[in-house]
Amino acid sequence: MNPLPPWANGPFELLVHAEGHLQTGQDFDRRISLISFDDAIEVAISTYLALHPIQRGNREYKRADVEKWLNNYHSKLDFLSEELATRNLGWKVERGHIVWAHDDRNEQYHGGHKGTPERNCLAIVREAALWIFSVLFDDADVEKRLGAAVAEGMPPASPQRNSCYDRAIDREYDMVQIGSQSFYASEIFFSVDYEVYCEIGSRLCQDPPKEQAEEAGA
(Lines give C-alpha, C1' and ligand atoms only; values in the text may rest on other atoms or scores of the structure.)
Protein backbone atom coordinates (compact mmCIF):
# COMPACT_ATOMS: atom_id res chain seq x y z
CA MET A 1 0.00 0.00 0.00
CA ASN A 2 1.62 3.23 -1.17
CA PRO A 3 1.74 6.24 1.20
CA LEU A 4 -0.72 9.04 0.55
CA PRO A 5 0.56 12.30 -0.94
CA PRO A 6 0.72 14.94 1.81
CA TRP A 7 -2.14 17.00 0.38
CA ALA A 8 -4.52 14.02 0.78
CA ASN A 9 -3.90 13.69 4.53
CA GLY A 10 -6.46 16.32 5.54
CA PRO A 11 -9.41 14.72 3.72
CA PHE A 12 -8.25 11.28 4.85
CA GLU A 13 -8.19 12.32 8.51
CA LEU A 14 -11.86 13.23 8.21
CA LEU A 15 -12.56 9.72 6.93
CA VAL A 16 -10.68 8.26 9.89
CA HIS A 17 -12.61 10.46 12.33
CA ALA A 18 -15.94 9.48 10.76
CA GLU A 19 -15.11 5.77 10.66
CA GLY A 20 -14.00 5.75 14.29
CA HIS A 21 -17.31 7.21 15.41
CA LEU A 22 -19.25 4.88 13.13
CA GLN A 23 -17.61 1.84 14.70
CA THR A 24 -18.37 3.10 18.20
CA GLY A 25 -22.03 2.86 17.26
CA GLN A 26 -23.71 5.07 19.89
CA ASP A 27 -26.44 7.49 18.77
CA PHE A 28 -24.20 10.52 19.24
CA ASP A 29 -21.36 8.84 17.38
CA ARG A 30 -23.61 8.03 14.42
CA ARG A 31 -24.57 11.69 14.14
CA ILE A 32 -20.91 12.75 14.23
CA SER A 33 -20.06 10.06 11.69
CA LEU A 34 -22.68 11.35 9.25
CA ILE A 35 -21.44 14.91 9.60
CA SER A 36 -17.79 13.91 9.20
CA PHE A 37 -18.29 11.67 6.15
CA ASP A 38 -20.31 14.43 4.51
CA ASP A 39 -17.61 16.98 5.35
CA ALA A 40 -15.01 14.58 3.92
CA ILE A 41 -16.76 14.68 0.54
CA GLU A 42 -16.72 18.46 0.43
CA VAL A 43 -13.16 18.80 1.75
CA ALA A 44 -11.84 16.20 -0.73
CA ILE A 45 -13.27 18.14 -3.67
CA SER A 46 -12.11 21.54 -2.33
CA THR A 47 -8.61 20.20 -1.65
CA TYR A 48 -8.37 18.66 -5.10
CA LEU A 49 -9.44 21.88 -6.83
CA ALA A 50 -6.85 23.87 -4.87
CA LEU A 51 -3.95 21.69 -6.03
CA HIS A 52 -1.37 22.65 -8.62
CA PRO A 53 -2.01 20.75 -11.87
CA ILE A 54 1.19 18.74 -11.40
CA GLN A 55 -0.31 17.35 -8.17
CA ARG A 56 -3.46 16.10 -9.90
CA GLY A 57 -2.23 14.39 -13.04
CA ASN A 58 -1.63 17.65 -14.95
CA ARG A 59 -5.37 18.31 -15.11
CA GLU A 60 -6.07 22.02 -15.54
CA TYR A 61 -9.27 23.96 -14.96
CA LYS A 62 -10.22 27.57 -15.68
CA ARG A 63 -10.05 29.81 -12.63
CA ALA A 64 -13.60 31.00 -13.19
CA ASP A 65 -14.82 27.40 -13.23
CA VAL A 66 -12.93 26.59 -10.03
CA GLU A 67 -14.44 29.61 -8.26
CA LYS A 68 -17.90 28.54 -9.45
CA TRP A 69 -17.43 24.94 -8.32
CA LEU A 70 -16.15 25.97 -4.87
CA ASN A 71 -19.24 28.05 -4.21
CA ASN A 72 -21.29 25.44 -2.30
CA TYR A 73 -21.88 21.74 -1.78
CA HIS A 74 -24.03 21.30 -4.87
CA SER A 75 -21.63 23.16 -7.15
CA LYS A 76 -18.85 20.87 -5.89
CA LEU A 77 -20.97 17.92 -7.02
CA ASP A 78 -21.33 19.73 -10.38
CA PHE A 79 -17.54 19.61 -10.67
CA LEU A 80 -17.54 15.94 -9.76
CA SER A 81 -20.13 15.25 -12.45
CA GLU A 82 -18.00 16.96 -15.10
CA GLU A 83 -14.83 15.25 -13.86
CA LEU A 84 -16.42 11.81 -14.01
CA ALA A 85 -17.65 12.48 -17.55
CA THR A 86 -14.16 13.61 -18.60
CA ARG A 87 -12.65 10.41 -17.19
CA ASN A 88 -15.43 8.23 -18.67
CA LEU A 89 -16.52 7.15 -15.20
CA GLY A 90 -20.01 6.74 -13.83
CA TRP A 91 -21.49 7.61 -10.45
CA LYS A 92 -20.72 4.71 -8.13
CA VAL A 93 -23.14 6.30 -5.65
CA GLU A 94 -26.07 8.12 -7.24
CA ARG A 95 -25.86 11.89 -6.94
CA GLY A 96 -29.42 12.06 -5.65
CA HIS A 97 -28.53 9.68 -2.84
CA ILE A 98 -25.51 11.78 -1.87
CA VAL A 99 -27.70 14.89 -1.76
CA TRP A 100 -30.26 13.05 0.38
CA ALA A 101 -27.55 12.13 2.92
CA HIS A 102 -26.27 15.73 2.82
CA ASP A 103 -29.75 17.06 3.59
CA ASP A 104 -29.96 14.67 6.55
CA ARG A 105 -26.57 15.94 7.70
CA ASN A 106 -27.82 19.53 7.55
CA GLU A 107 -30.77 18.59 9.73
CA GLN A 108 -28.37 17.09 12.27
CA TYR A 109 -26.02 20.06 12.20
CA HIS A 110 -28.22 23.08 11.56
CA GLY A 111 -31.87 22.16 11.75
CA GLY A 112 -32.24 21.09 15.35
CA HIS A 113 -33.27 17.55 14.34
CA LYS A 114 -31.35 15.37 16.77
CA GLY A 115 -32.66 11.95 15.80
CA THR A 116 -30.22 9.15 15.10
CA PRO A 117 -29.24 8.88 11.41
CA GLU A 118 -30.56 5.80 9.62
CA ARG A 119 -27.99 3.09 8.97
CA ASN A 120 -28.88 3.24 5.28
CA CYS A 121 -28.02 6.93 5.21
CA LEU A 122 -24.69 6.26 6.92
CA ALA A 123 -23.89 3.47 4.48
CA ILE A 124 -24.57 5.77 1.53
CA VAL A 125 -22.51 8.72 2.75
CA ARG A 126 -19.64 6.44 3.80
CA GLU A 127 -19.49 4.71 0.42
CA ALA A 128 -19.68 8.07 -1.36
CA ALA A 129 -16.93 9.63 0.75
CA LEU A 130 -14.53 6.72 0.23
CA TRP A 131 -15.29 6.49 -3.48
CA ILE A 132 -14.81 10.22 -4.12
CA PHE A 133 -11.55 10.18 -2.17
CA SER A 134 -10.30 7.19 -4.17
CA VAL A 135 -11.14 8.88 -7.49
CA LEU A 136 -9.66 12.30 -6.74
CA PHE A 137 -6.52 11.07 -4.98
CA ASP A 138 -6.03 7.93 -7.08
CA ASP A 139 -6.14 5.62 -4.07
CA ALA A 140 -7.37 2.10 -4.82
CA ASP A 141 -6.53 1.04 -1.23
CA VAL A 142 -8.67 3.55 0.63
CA GLU A 143 -10.83 0.91 2.37
CA LYS A 144 -7.79 -1.05 3.54
CA ARG A 145 -5.92 2.14 4.47
CA LEU A 146 -8.89 3.37 6.49
CA GLY A 147 -9.23 0.12 8.38
CA ALA A 148 -5.56 0.16 9.31
CA ALA A 149 -5.64 3.80 10.42
CA VAL A 150 -8.70 3.27 12.63
CA ALA A 151 -7.22 0.11 14.15
CA GLU A 152 -4.01 1.96 15.04
CA GLY A 153 -5.99 4.63 16.84
CA MET A 154 -8.12 2.26 18.87
CA PRO A 155 -7.24 1.69 22.55
CA PRO A 156 -5.77 -1.74 23.32
CA ALA A 157 -8.27 -4.46 24.04
CA SER A 158 -9.05 -5.09 27.70
CA PRO A 159 -7.35 -8.17 29.21
CA GLN A 160 -9.56 -11.26 29.15
CA ARG A 161 -9.79 -14.15 31.59
CA ASN A 162 -8.58 -17.54 30.36
CA SER A 163 -10.64 -20.49 31.61
CA CYS A 164 -7.66 -22.88 31.47
CA TYR A 165 -5.54 -20.47 33.52
CA ASP A 166 -8.38 -19.98 36.02
CA ARG A 167 -8.88 -23.70 36.61
CA ALA A 168 -5.15 -24.39 36.88
CA ILE A 169 -4.47 -21.52 39.30
CA ASP A 170 -7.46 -22.32 41.50
CA ARG A 171 -6.42 -25.96 41.61
CA GLU A 172 -2.93 -24.97 42.72
CA TYR A 173 -3.75 -22.25 45.28
CA ASP A 174 -6.25 -21.95 48.12
CA MET A 175 -9.02 -19.37 48.30
CA VAL A 176 -7.81 -15.94 49.41
CA GLN A 177 -9.55 -14.25 52.33
CA ILE A 178 -9.73 -10.45 52.23
CA GLY A 179 -11.70 -9.08 55.14
CA SER A 180 -14.97 -10.96 55.23
CA GLN A 181 -14.82 -11.86 51.53
CA SER A 182 -13.30 -14.96 49.92
CA PHE A 183 -11.84 -14.81 46.43
CA TYR A 184 -10.44 -17.39 44.03
CA ALA A 185 -6.69 -17.07 43.59
CA SER A 186 -7.21 -16.62 39.84
CA GLU A 187 -9.34 -13.53 40.52
CA ILE A 188 -6.60 -11.99 42.64
CA PHE A 189 -3.81 -12.67 40.14
CA PHE A 190 -5.91 -11.37 37.24
CA SER A 191 -6.90 -8.17 39.05
CA VAL A 192 -3.50 -7.34 40.57
CA ASP A 193 -0.99 -8.34 37.88
CA TYR A 194 -2.19 -9.59 34.51
CA GLU A 195 1.32 -10.58 33.36
CA VAL A 196 1.85 -12.75 36.44
CA TYR A 197 -1.62 -14.25 35.94
CA CYS A 198 -0.66 -15.23 32.37
CA GLU A 199 2.79 -16.48 33.37
CA ILE A 200 1.53 -18.71 36.20
CA GLY A 201 -1.54 -19.83 34.29
CA SER A 202 0.49 -20.77 31.24
CA ARG A 203 2.99 -22.76 33.30
CA LEU A 204 0.32 -24.58 35.29
CA CYS A 205 -1.67 -25.43 32.18
CA GLN A 206 1.43 -27.08 30.75
CA ASP A 207 2.29 -28.95 33.98
CA PRO A 208 0.18 -31.91 35.17
CA PRO A 209 -2.01 -31.22 38.22
CA LYS A 210 -0.40 -31.97 41.59
CA GLU A 211 -2.59 -35.02 42.13
CA GLN A 212 -1.55 -36.53 38.79
CA ALA A 213 2.13 -35.75 39.47
CA GLU A 214 1.95 -37.42 42.89
CA GLU A 215 0.25 -40.48 41.42
CA ALA A 216 2.87 -40.70 38.68
CA GLY A 217 5.67 -40.58 41.29
CA ALA A 218 4.07 -43.20 43.56
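Quick notes on this one:
- The residue that is modelled with the highest pLDDT, counting only those in segment 160-183 that are β-branched (Val, Ile, Thr) and farther than 16 Å from residue 199 by Cβ, is 176.
- Here residue 213 meets the list (1) within 30 Å of residue 24 (Cα to Cα); (2) part of a helix (DSSP H, G or I); (3) modelled with pLDDT under 90 almost entirely, failing just condition (1).
- Remark: residue 120 falls outside the filter, which requires a residue to be outside any helix (DSSP H, G or I) and surrounded by fewer than 16 Cβ atoms within 10 Å (Cβ to Cβ).
- Qualifying position, being at pLDDT 90 or above, more than 24 Å from residue 46 (Cα to Cα) and under 34 Å from the mean Cα position of the chain (by Cα), among 157, 128, 123, 148: 148
The values are calculated or read from the model by the stated rules, or taken from the named source; none is laboratory data. Given the structure is predicted, the values throughout are model-derived calculations rather than measurements. Cβ: placed from backbone, ideal geometry, glycine included. Neighbour counts: every protein chain shown.
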